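The block underneath contains the structure these notes are about, expressed in structure tokens.
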Amino acid sequence: MYTYEATKRDIVEAIRRAAGADADLVLSVPPSGVVADLALPCFPLASRLHKSPHEVASSLAGAVHIGPRVDSVRADGGYLNFTLARAPFASSVMSDLAQWKDRYGSHDVGAGRAVVIDYSSPNIAKPMSVGHLRSTIIGAALHRLYASLGYTPVGINHIADWGTQFGKLLYAFTAWVDRQAYAEAPLRELLRLYVKFDQEAQRDPTLDERGREWSLKLERGDPQARALWQEFVRLSMSEFTKTYDLLDVRFEHVLGESFYADKVDAVINEAIRRGVAVEDQGALIVRLDDVGLSTPLILRRSDGATLYHTRDLAAAIYRLKTWNPAQLIYVVGADQRLHFRQLFATLRKLGYDGVFVHVDFGLITLPEGRMSTRKGRVVFLEDVLEEAMLRARRLVDEKNPELSADERADVARIIGIGAVKYVDLSQNRVKNIVFDWDRMLSLEGDSAPYLQYTYVRARSILRKSGDAVPEGVFDPRAAASAPEWGLITLLARFPEIVLEAAQTYHPHLVATFLLSLAQAFHGFYHEVPVLQAEDAPLRQSRLQLVGGVATVMRGGLDLLGIRVPERM
RNA sequence: GCGCCCGUAGCUUAAUGGACAAAGCGCUGGGCUUCGAACCCAGUGAGUGGGGGUUCGACUCCCUCCGGGCGCGCCA
């Protein structure tokens, strides 16, 4: 057990014994103005004991038997404030770090169980837009977070490669393709065709009929339709792969909707057999009024075709049966809330039990409104990433011209991509984001480069000291000053931040924490000499602190999928 | 019309129902002959969209109004 967790557990135990009651004893971190390290608000306890909060706090202050890591207990109004014993606490934290090294902050609560995480899921035959960024980045971060909790994450890219829009595209392709443009930039040409179809269909409604015919051909395995569709998939995936490589995002499985095309019949039959699905106006639907959803889930259209709901249901059942996961997680935009409520409710009606989670997030919109590929109002992800690396490169060239061109390119990539990811991961998911180049590509202040710079500075000190973090007893004098003690308590808190971020599906908690750590480290850096410390033991212990910051910063950023350079 | 989400300094965002709401950007002033100035320090600036309520305590929970977004059976 990590030091911080053990310390809090001991304190809560001591209070419980002294109070002889256990209302909700939740320790909190006191605000900056209060000189204490942990606090217990005594209000709930007071109402249970029918005394005033101050009375409770005062009597507890005298009665609590404090353990070795606590130095003193004091009543402050209705709060019971604890001051930690710096020497033993600090040396215990530093020994955690020395013991766990790069794994510091990880847990084993997952016990090897699978967690299926569905993220990214772009559309075949369309270039990825910035709209795909959030799912991809948040999903990849959750993947890493759950891995660090000891789960076996199963990342799935649920490619949208099936459905009626492919009928339209197939018709458009056979009618209007510009071969040369297709050879040069296949996805942009396919997008043009898709848009053209939509425009033409408004003038000529018979085109929709053509689209349906091609859609049917595809479903029935018509060789021409099938071959073209496969080509679209292949070309799209090769573009996507480049983007994923750039983003350093991986999946255990890439399984498009088409993978479930031959699995929907069994699901439909099961739903009918269990009386969950009923015929209505020619369609097959699942009524969900009894769980508060007035809109039913449609499993089969009146013309016999299935929908993405059906394939999603088949996919969910496939995942449950294949991996028996502790959780089924979907990282998909908030506009699909209803869809997932319907999906989860239907799963339960079919007798499937489990933890089903829709990790939703707000939309990315443009200043002029919602993005629309059809209207050509869209920002492509590729362009954003290129621009990010370009801006980072200019900055690296300016700040560090002495680095080799190769290293500058490498650093620019780490910083540029990191900056884009950080924007998404540093704020709560639920809010909509209005796309703004300067904001998306910010390289200063509360940004990835600021955190990366923290690591670079720490590493720079360590390199000058001979690289390896020295071992040995932690000198209590290195926990004496405010900047030093601040760093120690932050380092101590990292493991519980990781746990909470994963369990609440909120990667931004890690980002917020790392920002505090970075600010604390830069303050420490300016105030406390490390290499020039007065004597060897002090220097060695401060080097351990610097090493701890480097480890946690790199590890924390790694959980967010953000890499660190050694120099920048 | 019904349902869900969002509204915090000029801007972008933080804040397990708990102590005087915290950062970044911006603006003003200061700091490189000590470990990297992509940095640091100080100042400036909101009482959390409005109004009720619950609570010892509300940015956080409930109601209502306003503003914005999303969704609402045969698209994905």
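The values are calculated or read from the model by the stated rules, or taken from the named source; none is laboratory data. Predicted model, so just to flag it, every value in this text is computed and none were measured. Ideal geometry is used to build each Cβ from the backbone, glycine not excepted, and the neighbour counts take in all protein chains shown. Note: areas computed on protein heavy atoms with side chains; ligands, DNA, RNA excluded. Shrake-Rupley method; radii C 1.70, N 1.55, O 1.52, S 1.80 Å.
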Taking only C-alpha positions in segment A:513-568, Rg and Dmax in angstrom work out to 12.6, 39
Taking the 0 to 90 degree range and rounding to the nearest ten, how far is the long axis of helix A:448-464 tilted relative to the main principal axis of chain A, both from C-alpha atoms? 50 degrees
Ignoring any ligand, DNA or RNA, what whole percent of the accessible area of chain A comes from carbon and sulfur when the probe is 1.4 angstrom? 50 percent
Those GluC sites (Glu not before Pro) in segment A:462-515 that DSSP places in a loop and that have at most 16 other beta carbons within 10 Å: A:Glu471
Within 10 Å of each candidate Cβ there may be at most 11 other Cβ atoms; applying that plus a DSSP loop requirement, which trypsin sites (Lys or Arg not before Pro) in segment A:240-322 survive? A:Arg274
Report the semi-axes of the equivalent ellipsoid for segment A:163-249 in whole Å, largest first, where each axis is √(5λ) for an eigenvalue λ of the Cα gyration tensor. 24, 16, 12
Sequence-separation-based contact order of segment A:3-84, relative, with Cα cut under 8 Å and 6+ spacing, percent: 30 percent
How many percent of Cα pairs in segment A:311-352 exceed 13 Å? 56 percent
Per residue and in Å³, how big is the convex hull formed by the alpha-carbon atoms of chain A? 187 Å³
Cross-link pairs beyond the 32 Å C-alpha cut-off, checked among A:Lys51/A:Lys431; A:Lys399/A:Lys464; A:Lys8/A:Lys51; A:Lys196/A:Lys242: A:Lys51/A:Lys431
Sparse-neighbourhood loop sites, GluC sites (Glu not before Pro) in segment A:397-427 - DSSP loop, at most 13 other Cβ within 10 angstrom: A:Glu402
Inter-part distance where segment A:153-192 and segment A:21-95 are each reduced to a Cα centre, Å: 62 Å
Quick check on chain A: helices-only [θ] at 222 nm, where DSSP H runs of length 4 and up contribute -39,500 (n - 2.57) each and the sum goes over total residues. Nearest 500, please. -18000 deg cm²/dmol
Among the lysines, select those whose C-alpha is under 22 Å from the C-alpha of A:Lys349, and discard any that sit fewer than 8 residues away in the same chain. A:Lys263, A:Lys321
Whole-number D in µm² s⁻¹ for segment A:3-84, Kirkwood Cα-pair radius fed into Stokes-Einstein, 37 °C, 0.692 mPa s: 266 µm²/s
How much accessible area per residue does chain A have, counting only protein heavy atoms and a probe of 1.4 Å, in square angstrom? 44 Å²
Segment A:28-151: relative contact order from alpha carbon pairs under 8 Å, six or more residues apart, as a whole percent, is 19 percent
Measure nothing but the geometry: give the 0 to 90° angle between the long axis through the Cα atoms of A:164-176 and the longest principal axis through the Cα atoms of chain A, rounded to 10°. 60 degrees
Write down the Kirkwood hydrodynamic radius of segment A:414-478, to one decimal in angstroms, obtained as one divided by the mean of 1/r over all alpha carbon pairs. 14.5 Å
How much solvent-accessible surface does A:Asp248 expose, in Å² to the nearest 10, with a 1.4 Å probe and all protein chains in place? 50 Å²
Counting only C-alpha contacts under 8 Å and six or more residues apart, can you give the relative contact order of chain A as a whole percent? 15 percent
